[in-house]
Structures are given as C-alpha cells and as structure tokens.
Amino acid sequence: MDESEQQTVRTEAQVAREIAREQEYADRLYERVDELIAQVERNLDQIQGSQQASTHQNRSERDAFMALYEDRLALLRSVSRSVVFGRLDMDDAARHYIGRIGLFTPEREQLLVDWRAPAASAFYRATSTERLGVRLRRHLINRGRTVVGLEDDVLDQSMLEGGAEDVVLQGEGALLAAVSGTRTGRMGDIVATIQAEQDRIIRSENRGVLVVQGGPGTGKTAVALHRAAYLLYTHRRRLEHTGVLIMAPTPGFLRYIERVLPSLGESGVVMMTPGEMFPGVTTFAHDEDDVARVKGDIAMADLLAKAVKLRQVVPEKDVRLRIDGTDLVLTRDMVRSARREARATHRPHNAARTVFVRAAMDRLVDAYERALKAEGRTVVPEDRPDLLSDLRHDPEVRRQLNLAWLPYTPQGFLRILLSRPDRLRAAAPRALADRVSLLVRPKDAEWTVEDVPLLDEIAELLGEDSAPAEAKAKDDAERRRADVEYARKVIENIDTSGIVRAEDLADQVSRIRDGRTLAERASSERSWTYGHVVVDEAQEHSPMSWRALMRRAPTKSFTVVGDVAQTSSAGGTDSWTAALSPYVQDRLEVEHLTVNYRTPARIMDRAVAMAQAHSLPVTAVSSVREGDEDPLLERTEPGQLTARIAAAVRAVHARIPGRIAVIAAAERLEDLAAALRADGDLPRIGTGSAGVDDEIAVMTAQDAKGLEFDTVVIVEPAELIDAHGAGDLYVAMSRSTQHLGVVHARELPAGMAPEGADGA
Ligand SMILES: Nc1ncnc2c1ncn2[C@@H]1O[C@H](COP(=O)(O)OP(=O)(O)OP(=O)(O)O)[C@@H](O)[C@H]1O
C-alpha cells in the first residue's frame with residue numbers, strides 16, 4: 001500500500017454500508033456453495049440407490065463416481081465457511097471477486113475467481129506503480145461467513161479525487177491479523193494474504209530447479225505448498241498422473257503441514273520424509289555426525305560402484321568339475337572373458353548377470369565337448385542343448401557361477417558391505433580412504449536415514465528388470481484411452497451438471513481397478529517418477545541424497561526451499577549452487593524471500609546477532625511485527641536448570657495463550673518431560689516433533705525445524721551449539737511467534753545477550 005495516500009479513514013457508517021454490500025455478495029456466493037453441496041449430495045444418493053443387480057463394471061463405475069463426488073463434497077464443505085477474501089476493480093469497470101475456488105452460476109456466469117487463475121494474479125501483484133489494470137484491491141476480513149472488516153488499496157489515485165464514497169481506507173489489517181493469531185499446531189493456507197514476492201515464486205513459470213532461499217519465517221514452506229497447489233491447478237493434466245512429491249524432514253513436520261493442500265482442494269500429492277524414500281525401508285533414526293558426513297559424501301557413489309564391480313569375481317584358481325563322469329575345468333580365463341562380455345553391455349549388475357551366465361556357459365559347453373571328445377565320445381551339434389542342460393543342473397557349476405557373479409538385493413548388498421571392513425577398504429576412493437572404517441557396523445544394524453540414498457544408489461547399480469514395467473506402462477496407456485472414452489458416455493447418461501469430468505472419472509475407475517491411491521502406488525515403486533518435486537528444509541540434504549532425489553523427477557522440475565543458515569545435519573549444504581548445479585547446471589534459479597511473518601523483530605534481531613557472531617550465512621530479513629517483549633534471559637545454577645525450566649513454563653503458560661515448545665539438547669528431553677509432567681497444573685506434555693499435537697512439547701532443535709510456537713523456551717543454548725552447531729540455536733530462537741525465554745547455567749553463546757550486557 002502507498003501509505004502517504006491512504007490516511008483517510010471513513011466514518012463508521014460508511015464502512016458499515018460497504019460491509020453490508022460485501023455481505024450481500026458473499027451471501028450469494030455461499031448460497032451457490034450450498035446449492036452445489038446439495039446437488040452433489042443428491043447425485044451421491046442417486047448413485048447409491050441405483051446399485052441393485054449391478055455388474056462388476058457398473059459397480060466400479062459407481063464407486064468411481066461416488067469417490068469423485070465425495071472428494072468434491074469435501075472440498076465444497078471445506079470452503080463453505082470461508083470462500084471469498086478479495087475483490088479487484090479493474091480499469092475496464094470489471095469487478096472480480098477472488099476466493100479459494102472458482103464458482104459459476106448455472107448459466108456459467110463467473111461469480112468467483114479461483115486464487116490460482118490468471119485473473120487473480122493481479123490481486124497479489126498489483127502495486128501503485130505497476131497497477132496491472134487494477135484500480136482498487138479490497139481485502140475482505142471474515143469471521144466464518146460474516147464479513148467483519150474491509151481494507152482497500154487504491155492503486156488508481158484518481159478514484160479518490162471525486163470523494164469515492166465507497167472506498168474504505170484502513171491499515172495493513174488483513175496481513176497483521178493473519179500473522180498475529182495464536183497458533184493451532186497446524187499450518188493453514190495463506191491465500192488471502194500472499195505477498196507479492198511470494199506470489200512471484202508461487203506462479204513462477206520456471207520448469208527447472210527453483211530454489212527459494214530465505215531466513216526463518218519468511219514463508220518458504222507456505223510458498224512451496226501453495227506453489228504445489230498452483231502447479232496442480234495450472235498443469236493438472238500433466239501432473240495428475242505422475243503426482244507431486246513433497247519431501248519434508250520429519251513426520252511431525254508432515255503433520256504440521258498436512259492440512260494445507262487438502263484445504264486448497266488438492267489431494268494428488270505424495271508426502272514423505274527422507275527415511276521413507278526407498279520402498280521397503282522406513283526409518284527415522286540418524287547416524288552419528290561423522291558417519292553421516294561420510295555417507296553423504298559424493299565419493300560414496302564411486303565407492304558403491306566399485307564395491308559392486310568387486311563382486312564380479314574371477315576365482316583365484318582354475319576350478320575342477322566332474323560332470324556326469326567327465327572331468328573338465330572352469331578356467332580363470334573363461335570367467336574373465338565372460339565377465340568382460342557382460343561388463344561390455346554396460347547394464348547394471350543383476351541385469352548383466354544373465355549375460356555373464358550365458359557367456360560362461362558357452363565357454364563351459366565348449367570345454368565339455370572337448371573333454372568328451374578326448375574321452376573318444378562322438379559329439380554332434382544337436383547334442384549341445386543336452387550338454388548345456390547337464391551343466392545348468394550341476395550344483396557345483398551353479399555354485400561357481402554364483403561365486404563369480406551373485407545376484408543381490410540392495411538391502412542385502414548394503415548390509416554385507418557395511419559389515420565388511422575389507423570390502424569397504426578395497427572399494428574406497430582416495431577421498432574416503434582414511435574415514436571409511438567409520439562406516440563399519442554389525443550386519444543386523446537398524447537402517448538409518450543416511451542409508452536410504454545409499455540403497456537407492458545401489459538399486460541403480462544392481463538394476464531392475466525394466467521389461468515388465470515398460471509393458472505395463474503401454475498397457476496402462478491403452479486402457480486409459482478406453483476408460484476416458486467410456487467415462488464420456490457414462491457422464492452423458494448420468495451427470496449433466498458439469499461437476500465431474502471424463503478424465504477424472506477415468507482416473508477414478510483405474511484407481512479403483514488398481515485398488516491403490518496414487519500416493520500408495522508412487523511410494524511403493526522406487527522407479528516412480530514425479531512430475532514435480534518439492535523439497536523443504538532442503539539445506540539438510542547431502543550430495544548423495546540429492547542424487548536420489550534427482551532420480552525421482554527426471555524432468556528436473558523442482559521447488560527447493562530452505563535456508564543455508566539453518567543447516568544442522570552433518571552432510572547438509574551451505575551453498576545451493578554447490579549442492580545442485582552438478583545436476584542442472586544453468587537451469588538453477590535462486591529466489592529470495594526477505595520478510596519474516598513469524599518472529600517479531602525484538603526476538604529476531606537477537607537471533608540474527610547470535611548467528612552473525614557465529615559466522616552463519618544469514619540472509620537479511622525484516623519482521624512484519626515489532627513484538628511486545630524482548631527475549632527473557634535467566635541464569636541459574638547447573639543443578640537448578642530443570643526446576644527453573646518447569647517454573648518458567650508454568651509462568652508462561654499462565655500468562656500467554658497458545659503453544660509452548662521447550663527446546664533442549666537430546667539428552668535432556670527425558671528429564672525435562674518428566675519434570676513438566678510432574679506438574680499437575682500443566683496440560684499433556686508431548687515430546688519430539690510429534691509434539692505438534694500437544695499444547696506443550698519438549699523437543700530438540702532438529703525436531704523443531706520448520707515448526708512454530710507462540711512461546712519458545714530454550715534450555716542451555718550452549719549445549720545446542722555443542723550438539724549440532726550454531727545453526728540449531730538459530731532455528732530454536734526463530735520458532736517463536738510471541739515470546740522467547742532462555743534458561744542457562746553456562747555462559748550465553750556470543751551475540752545472544754542484549755548489546756551492552758555480557759551474557760550474565
Ligand atoms: N503471506 C502470508 N500471509 C500470512 N501468513 C504468512 C504469509 N507468509 C507466511 N506466513 C506465515 O508465516 C509463518 C512462517 O511461514 P513458514 O513456516 O512457511 O516459513 P519458513 O520460511 O518455512 O520458516 P523456517 O525456515 O523458519 O522454517 C507461518 O505461520 C505462515 O503461515
């Protein structure tokens with residue numbers, strides 16, 4: 001808003017009159033939503049009633065219709081309490097209302113524009129210097145279906161010259177109201193107040209890797225999710241079948257964001273954490289930092305490639321065999337030349353094994369023939385198949401060929417490799433030679449998140465038989481054509497409301513035939529490729545992890561959001577170019593977000609001072625709110641720390657409404673949770689990132705990553721730095737939306753105390 005021009009505040013009566021006008025329009029929209037809800041409910045009843053004597057085909061068609069109507073119903077119900085939030089008055093006198101979905105009259109006259117439609121873009125982007133044809137932008141502030149306030153941005157100043165009775169000028173109420181409320185533990189959508197710098201990213205036409213770098217609370221997660229919703233809307237046909245993958249750091253974080261996309265009407269999204277990326281393995285455990293660093297090192301790709309190659313073995317000596325009473329020798333040369341032939345195909349290990357076995361058998365049959373002839377037996381070419389069969393069924397031949405080239409599963413291969421120091425050493429490139437022993441562990445050790453990219457890499461090296469998958473893809477494509485055709489006919493007979501499209505119905509039919517949702521199919525197939533991948537908290541991914549992620553979207557269509565100053569994982573990155581340019585070279589675009597919508601300036605300034613004192617690569621941010629309180633620092637004796645925290649939490653719980661996170665080093669969590677639970681006046685105490693469900697939770701800074709709380713209490717900040725570096729303390733300090741308390745017995749880390757104080 002152009003502040004100098006927007007001083008006038010209208011009389012209450014004028015405002016009330018405008019609100020009443022907007023309410024009238026909003027009522028009309030809700031009436032239409034209610035009509036649509038009733039219509040979908042009627043359609044559902046009708047279909048349910050028509051189920052007798054149905055054939056299998058009719059049943060799956062009915063189920064498909066029902067599922068679609070149910071989805072549609074869920075969307076309509078979710079917007080039925082808040083469908084409209086903005087209005088645009090254009091130069092050509094057109095007026096558009098902007099809302100969560102598009103709405104039309106039965107005669108197809110547009111009542112409401114979906115926030116993602118091109119016509120809505122100006123709502124977020126127009127400024128007084130670049131008006132984009134907009135004269136007036138109005139925010140409607142609602143409580144449920146009731147319009148309770150208005151806020152106008154007059155972009156065409158000539159509107160004010162004539163008095164403009166119907167213009168209501170007020171401050172930045174909509175945004176401030178949106179960011180100041182107490183937190184619920186679940187992120188909500190921001191469609192009503194998306195800011196111009198965010199909108200540019202959400203609607204970016206970039207088809208390659210778009211990196212969104214920004215300090216804490218700048219809306220990176222919100223922007224990434226709204227971009228996913230925007231892409232699904234704009235490129236629906238392309239993305240609906242492949243899906244969009246959202247990769248987020250922890251299950252608690254997934255829970256925190258899980259409602260955003262459904263509230264925007266999008267369900268074709270697969271969400272997972274890095275420990276779930278490899279089908280068949282689910283892990284949330286992490287390796288120690290030094291091990292994680294080695295596993296994430298790009299040189300692991302060479303180590304694994306060599307380790308696989310070293311499993312293609314020429315025996316130390318020639319092997320004597322006795323087949324059906326005849327002696328023959330499997331020579332080292334035979335194995336070596338069969339291996340050469342197999343390797344020359346450049347196929348992965350398991351696929352090339354077939355070539356190896358065939359080549360070795362060819363050579364053995366020749367030797368067998370020669371041995372039989374040497375015994376004076378007559379051998380004719382027609383005998384060859386029988387000789388081959390003798391050899392194939394001989395257990396010793398089988399054993400020797402297996403020893404030379406054993407088929408592996410990725411899990412089996414990695415388990416053995418990590419339990420064999422000799423094999424690790426033999427495969428290690430120079431870059432890893434002196435650290436490779438850190439990887440050794442028992443064969444039955446639990447999987448860790450850092451193992452997952454290694455499994456993915458090994459799966460590539462071992463290879464899968466791609467023929468069945470290709471045949472299936474061809475089959476699916478043909479089937480889909482038939483389904484769409486059929487769905488068109490069905491729709492002509494059953495539904496003329498335009499609520500269901502043939503393509504959607506066809507999808508639903510095939511989903512039901514397959515019995516699995518897109519999310520289930522995508523997450524169970526390692527080779528599934530997504531149309532777009534969103535990576536949140538992306539600074540935590542190691543180079544090996546990026547290799548695995550890149551395989552998930554061969555088109556390299558990515559939205560990568562993160563903050564290189566908040567890196568805490570050992571293998572993570574402090575440079576986007578270093579992490580990503582190996583895969584995309586010049587198709588990498590970095591956008592910056594600069595406004596913090598979460599943390600008030602009085603807290604954020606202190607977090608930034610601490611980060612700078614520790615040389616973190618912080619990006620400049622300005623907070624939308626100044627805040628009411630400075631951070632509260634309290635020094636105590638080491639033995640008193642837990643008791644002081646309990647007292648601090650009790651005090652803050654009584655004083656400030658909303659959610660509280662107590663952030664501490666991992667080894668303190670149990671004691672702290674026990675001390676808080678012993679206090680009968682406090683509500684349930686959660687632990688770890690799953691604590692987003694509780695009003696008060698005790699967690700590490702890593703658990704808190706990406707989340708936010710009304711109040712944060714940090715326990716012994718120096719310990720957070722000891723555990724994972726200053727990035728973790730920066731994360732912890734920037735989680736709060738209102739109040740930050742710090743209780744410490746050791747010296748405060750540099751930069752944390754207010755200027756002029758010395759950390760006491
Ligand atoms: N335009 C906006 N209007 C209203 N609220 C917003 C807007 N942008 C961001 N927010 C709110 O600000 C808070 C921080 O957003 P978000 O979690 O996306 O930030 P982030 O950059 O991912 O933070 P971090 O790096 O610290 O995890 C959230 O509550 C979000 O809903």
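The values are calculated or read from the model by the stated rules, or taken from the named source; none is laboratory data. All of these numbers come straight from a predicted model, not from anything done at the bench. Positions of Cβ are generated from backbone atoms using ideal geometry, with glycine treated the same way; all protein chains shown enter the neighbour counts. Ligands, DNA and RNA are excluded from the accessible area calculation, which covers all protein heavy atoms including side chains. Shrake-Rupley method; radii C 1.70, N 1.55, O 1.52, S 1.80 Å.
What does the charge dipole of the stretch 283-349 about its Cα centre add up to, to the nearest 20 debye, if the Cβ of each Lys and Arg holds +1 and the Cβ of each Asp and Glu holds -1?
Dipole magnitude for the stretch 283-349 comes out near 440 debye.
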* To the nearest 20 debye, what charge dipole does the stretch 606-760 have about its Cα centre, counting +1 at the Cβ of each Lys and Arg and -1 at the Cβ of each Asp and Glu? -> 160 debye
* For the stretch 307-341 and the stretch 513-569, what is the separation of their C-alpha centers, rounded to whole Å? -> 42 Å
* Asked: Ordered by packing density, taken as the mean number of other Cβ atoms within 10 Å over each peptide's residues, highest first, how do 576-588, 289-301, 372-384 rank?
  -> 289-301, 576-588, 372-384
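Sum -39500 (n - 2.57) across every DSSP H segment of at least 4 residues in the chain, then divide by the residue count to get the 222 nm mean residue ellipticity, nearest 500.
On the way: 30 runs with 349 residues, N = 760.
Dividing the helical sum by the residues of the chain leaves -14000 deg cm²/dmol.
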* **Most positive-pole-ward Cα, Val260, Ser158, Gln14, against dipole of the chain from beta carbon charges** => Val260
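Report, please, the projected area of the chain averaged over directions, based on the convex hull of its C-alpha atoms, in nm².
Details: hull surface 173.4 nm².
Result: 43.3 nm².
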* Structure fact -> Projecting the Cα atoms of Val291, Ala338, Tyr25 onto the charge dipole of the chain, where Lys and Arg contribute +1 and Asp and Glu -1 at Cβ, the residue farthest towards the positive end is Ala338
* Under a point-charge model restricted to the Cβ atoms of Lys and Arg (+1) and Asp and Glu (-1), what is the dipole moment magnitude of the chain relative to its Cα centre, in debye to the nearest 20? -> 2740 debye
* Of the listed peptides 730-739, 717-726, what is their order by residue-averaged count of other C-beta atoms within 10 Å, with the highest listed first? -> 730-739, 717-726
* Structure fact -> Over the chain, with neighbouring protein chains present, the accessible area per residue in Å² at probe 1.4 Å is 45 Å²
* Structure fact -> With all protein chains present, the chain has a carbon and sulfur share of its accessible area (1.4 Å probe) in percent of 49 percent
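Peptides 689-698, 11-20: what's the order by average Cβ count within 10 Å, highest mean first? The partial results should precede the final answer.
Working: 689-698: 22.6, 11-20: 12.8.
Order by mean packing, descending: 689-698, 11-20.
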* Sparse-neighbour loop sites [GluC sites (Glu not before Pro); the stretch 177-243; at most 11 other C-beta within 10 Å; DSSP] -> Glu205
